[in-house]
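Visitor: Structure provided below as structure tokens; questions to follow.
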Amino acid sequence: MTAMIDIADAGKTFTMHLQGGIELPVVRGVTFQVNPGECVVLSGPSGAGKSSILKMIFGNYRCDSGRIGIRHRGKVVDLATAEPRQVLNIRRSTIGYVSQFLRAVPRVATIDVVAEPLIVNGMSRADAQARAGELLHRLNIPERLWQLPPATFSGGEQQRVNIARGFISDLPILLLDEPTASLDAANRAVVVELVAEKKRQGVAMVAIVHDDEIRHLIADRIVDVTSFAAAA
Amino acid sequence: MADQNFIENDEPLLVAKSLSKSFGRIHACRDVSFSLYPGEVLAIVGESGSGKSTLLQMLSGQLAPSAGQVSYRMRDGVTRDLASLGEAERRFLFRTDWGFVHQDPAQGLRMAVSAGANVGERLMAVGWNHYGRIRDTASDWLTRVEIDTARIDDAPRTYSGGMRQRLQIARNLVTEPRLVFMDEPTGGLDVSVQARLLDLLRSLVAELNLAVVIVTHDLAVARLLSHRVMVMKGGRVIETGLTDQVLDDPREPYTQLLVSSILPP
């Protein structure tokens, strides 16, 4: 089987110039693969570098060494050395990222925040909004909120809007950073269902989940990040 | 679909090659090179005196570089060196395929003539002559930039700062340019007005698949609007890359200082 994500010997160090040039090693020797239809959960204590690895796979953090192979439109691209334009294309059509917090866009209605990734990839506004509505329903966001910008919503509501936005598109790779952190049991169950559906569609996922029960339900494989600890 | 163009169109619109500018012994801008693609938004950030405005002036053909060149792919597909364009050609480019949004709307508008005429004037300059159609298009654009069409016959000097800036944007976009230069477009506005303008700019840029070079010292503006960012200091580009990458994982000491100076929201 051909991996969707193939990370080999990737490493990351922060150099803090404002603190006298202190070097802050984050991870080194990161090596693992993720196949289509598989959910890999990163484990390890807080500060072990789990989020940094997700950000490196998304191209949000630069990678100092090694390679991050991403299968993009049938070809493998090394994200660690890709041009900005290429990274943007990969984000548009290959990798989705569900962050912990919604980066609220002022004045944009919830339904449009969720529908946007589909519109950007060419779907009509009406069709995209219909799909967005279905997902918001499943995630128990009441219809009377759909026309409001999510900025004033509660933390849990914002996270569900964020999840809807992340899961709406048909991207072949999804990165999930604590998707269930501030959700109640009913909504956690919806997220577990959504992950299972994505697996059936062949989506490759990398997730960070602290809740043991959820991790047990969604993980096909666990990668222990402490083995990539750079501080030594 | 706008974004499809962005993915598939692989020829740059604007190319800057080793641009430098000195004023006597002062090197305002040194050896700047980059390519801008259709639909791409590039932010140039840096403090006052870093050379970003000088660079913008050279890119938009208003200032001759001391060295280096700027080339632009015209609507007919031919890429031309800006320096080789005649004055009439350059002016035509400015009236049709380019826009320039100044920080001070008074520089980009005619303050004493009506809002409708401010927008319509650009259409007349490209040969429109049917009064009714010009007025309809102007009123359409006022609506798009959220100006009440009842104000179409009022002169911008009767407008608030935020309205003036939105009018300047309408005047620039009415000819459907492919490239717009912006010099601190939210600079003189108070915060709530800024947010509304940014939001409007963001949706117009995406809808029209505009390429934009925006000069700003405000990193929040760069984050909201741009795909890529160039950080300038002392006339040089010291760091460049994807906007979220440069802002979330800044590498150069000066960029780290800039990013760490933002107050948390």
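Visitor: Residue by residue through the stretch B:140-154, note down the ones that are free of Cβ contacts under 8 Å to residues at least 60 places away in the same chain and either buried (at least 17 other Cβ atoms within 10 Å of the Cβ) or closer than 17 Å to B:LEU200 by Cβ (or both).
Guide: Our first condition is that a residue be free of Cβ contacts under 8 Å to residues at least 60 places away in the same chain; within the stretch B:140-154, this holds for B:140-143, B:145-154.
Scanning the stretch B:140-154 gives B:ASP140, B:TRP141, B:LEU142, B:THR143, B:VAL145, B:GLU146, B:ILE147, B:ASP148, B:THR149, B:ARG151, B:ILE152.
Visitor: Looking for whichever is among the polar types (S, T, N, Q) and under 28 Å from B:CYS29 (Cα atoms) here; the options are B:THR149, B:THR186, B:THR158. Which one fits? Lay out the reasoning, then the answer.
Guide: On the way: B:THR149 fails: under 28 Å from B:CYS29 (Cα atoms); B:THR158 fails: under 28 Å from B:CYS29 (Cα atoms).
Every option except B:THR186 fails the conditions.
Visitor: Sticking with this structure for a sec: If the requirement is being under 30 Å from B:LEU55 (Cβ atoms), of a type in the set (D, E, K, R) and under 21 Å from the mean Cα position of the chain (by Cα), which of these qualifies: B:GLU146, B:GLU176? Don't jump to the end; show me each part of the working.
Guide: Details: B:GLU146 fails: under 30 Å from B:LEU55 (Cβ atoms).
It is B:GLU176.
Visitor: Do we have B:ARG251 as more than 24 Å from A:GLN19 (Cα to Cα) and among the charged types (D, E, K, R) here? So that I can check it myself, show each step before the final result.
Guide: Details: more than 24 Å from A:GLN19 (Cα to Cα): no; among the charged types (D, E, K, R): yes.
Taking the combined requirement at face value, the residue does not satisfy it.
Visitor: So which of B:ASP190, B:ASP153 ends up being modelled with pLDDT of 95 or more, acidic (Asp, Glu) and more than 14 Å from the chain's Cα centre (by Cα)? Lay out the reasoning, then the answer.
Guide: Details: B:ASP190 fails: modelled with pLDDT of 95 or more.
Result: B:ASP153 is the single residue among B:ASP190, B:ASP153 that is modelled with pLDDT of 95 or more, acidic (Asp, Glu) and more than 14 Å from the chain's Cα centre (by Cα).
Visitor: Please indicate, with yes or no, whether at least one residue in the stretch A:94-103 is closer than 23 Å to B:SER35 by Cα and either away from every other protein chain (no Cβ under 12 Å) or surrounded by fewer than 18 Cβ atoms within 10 Å (Cβ to Cβ) (or both).
Guide: Looking only at the stretch A:94-103, we keep the residues that are closer than 23 Å to B:SER35 by Cα, and these are none.
For the stretch A:94-103, residues closer than 23 Å to B:SER35 by Cα and either away from every other protein chain (no Cβ under 12 Å) or surrounded by fewer than 18 Cβ atoms within 10 Å (Cβ to Cβ) (or both): absent.
Visitor: Among the candidates A:LEU18, A:LEU24, A:LEU42, single out the residue that is outside any loop (DSSP other than H, G, I, E, B), touching a helix residue (DSSP H, G or I) at 6+ places or on another chain (Cβ under 9 Å) and within 14 Å of chain B (Cβ to nearest Cβ).
Guide: Working: A:LEU24 fails: touching a helix residue (DSSP H, G or I) at 6+ places or on another chain (Cβ under 9 Å); A:LEU42 fails: within 14 Å of chain B (Cβ to nearest Cβ).
Result of the check over A:LEU18, A:LEU24, A:LEU42: A:LEU18.
Visitor: Could you check, for the stretch A:58-76, whether at least one of its residues is under 29 Å from B:LEU257 (Cβ atoms), hydroxyl-bearing (Ser, Thr, Tyr) and more than 11 Å from chain B (Cβ to nearest Cβ)?
Guide: First, pick out the residues of the stretch A:58-76 that are under 29 Å from B:LEU257 (Cβ atoms): A:58-66, A:68.
Subset that is hydroxyl-bearing (Ser, Thr, Tyr): A:61, A:65.
From the residues that got through so far, the ones that are more than 11 Å from chain B (Cβ to nearest Cβ) too are A:65.
The answer is yes; a qualifying residue exists.
Visitor: Go through A:PHE153, A:PHE167 for me and flag whichever is under 27 Å from A:GLU38 (Cα atoms), away from every other protein chain (no Cβ under 14 Å) and out of contact with any strand residue (DSSP E or B) (no Cβ under 7 Å at 6 or more places or on another chain). Before you say what the answer is, go through the steps one by one.
Guide: On the way: A:PHE153 fails: under 27 Å from A:GLU38 (Cα atoms).
After ruling out the rest, the residue left standing is A:PHE167.
Visitor: From B:PHE23, B:PHE6, B:PHE94, grab the single residue that is at pLDDT below 95, within 14 Å of chain A (Cβ to nearest Cβ) and farther than 22 Å from B:LEU258 by Cβ. Don't jump to the end; show me each part of the working.
Guide: On the way: B:PHE23 fails: within 14 Å of chain A (Cβ to nearest Cβ); B:PHE94 fails: within 14 Å of chain A (Cβ to nearest Cβ).
Testing whether each residue is at pLDDT below 95, within 14 Å of chain A (Cβ to nearest Cβ) and farther than 22 Å from B:LEU258 by Cβ leaves just B:PHE6.
Visitor: Please enumerate the residues belonging to the stretch A:77-109 that are in contact (Cβ under 8 Å) with a residue 60 or more places away in the chain and in contact with a Gly (Cβ under 9 Å, 6 or more places away or on another chain). Give the derivation first.
Guide: Here is the first cut: in the stretch A:77-109, the residues in contact (Cβ under 8 Å) with a residue 60 or more places away in the chain are A:80, A:93-102.
Matches in the stretch A:77-109: A:ALA80, A:ILE95, A:GLY96, A:TYR97, A:VAL98, A:SER99, A:PHE101.
Visitor: Residues that are within 16 Å of A:GLY96 (Cβ to Cβ), at least 3 per element: which strands (runs of 3 or more DSSP E) completely within the stretch A:165-232 meet that?
Guide: On the way: elements: A:173-177, A:204-208, A:221-224.
Of the strands (runs of 3 or more DSSP E) lying wholly inside the stretch A:165-232, those with at least 3 residues that are within 16 Å of A:GLY96 (Cβ to Cβ) span A:173-177, A:204-208.
Visitor: So which of B:VAL113, B:VAL101 is closer than 19 Å to B:ARG196 by Cβ and touching a residue at least 24 places away in the same chain (Cβ under 8 Å)?
Guide: B:VAL101
Visitor: Could you please give the count of residues in the stretch A:108-149 that are more than 14 Å from chain B (Cβ to nearest Cβ) and either among the small types (Gly, Ala, Ser) or assigned to a helix (DSSP H, G or I) (or both)? Before you say what the answer is, go through the steps one by one.
Guide: Within the stretch A:108-149, the subset more than 14 Å from chain B (Cβ to nearest Cβ) is A:110-111, A:114, A:126, A:129-148.
Next cut, either among the small types (Gly, Ala, Ser) or assigned to a helix (DSSP H, G or I) (or both) only: A:110-111, A:114, A:126, A:129-138, A:143-145.
The total comes to 17.
Visitor: Moving on to the next point. May I ask you to verify whether B:LEU93 is buried (at least 16 other Cβ atoms within 10 Å of the Cβ), in a helix (DSSP H, G or I) and touching an Asp or Glu at 6+ places or on another chain (Cβ under 7 Å)? Reasoning before the result, please.
Guide: Numbers: buried (at least 16 other Cβ atoms within 10 Å of the Cβ): yes; in a helix (DSSP H, G or I): yes; touching an Asp or Glu at 6+ places or on another chain (Cβ under 7 Å): no.
Here the answer is no, as B:LEU93 does not meet what is asked.
Visitor: Further question on the same structure: In the stretch B:161-262, which helices (runs of 4 or more DSSP H) lie fully inside it and hold 3 or more residues that are touching a residue at least 60 places away in the same chain (Cβ under 8 Å), crowded, with 20+ Cβ neighbours inside 10 Å and within 14 Å of another protein chain (Cβ to nearest Cβ)?
Guide: Numbers: elements: B:161-173, B:191-208, B:219-225, B:243-248, B:253-260.
Hits in the stretch B:161-262: B:219-225.
Visitor: Next up: With the structure loaded, tell me whether B:LEU36 is surrounded by fewer than 24 Cβ atoms within 10 Å (Cβ to Cβ) and at pLDDT 95 or above or whether it fails that test.
Guide: Values: surrounded by fewer than 24 Cβ atoms within 10 Å (Cβ to Cβ): yes; at pLDDT 95 or above: yes.
For B:LEU36, the condition - surrounded by fewer than 24 Cβ atoms within 10 Å (Cβ to Cβ) and at pLDDT 95 or above - is met.
Visitor: State whether the residues of the stretch A:102-114 include one that is under 14 Å from the mean Cα position of the chain (by Cα) and closer than 21 Å to A:PRO179 by Cβ.
Guide: Of the stretch A:102-114, the ones under 14 Å from the mean Cα position of the chain (by Cα) are A:102-103.
Narrowing further to those that are closer than 21 Å to A:PRO179 by Cβ: A:102-103.
Within the stretch A:102-114 (the criterion being under 14 Å from the mean Cα position of the chain (by Cα) and closer than 21 Å to A:PRO179 by Cβ), the answer is yes, since at least one residue qualifies.
The values are calculated or read from the model by the stated rules, or taken from the named source; none is laboratory data. All values derive from a computational prediction rather than experimental measurement. Every residue, glycine as well, gets a Cβ built from its backbone with ideal geometry; the counts of neighbours run over all protein chains shown.
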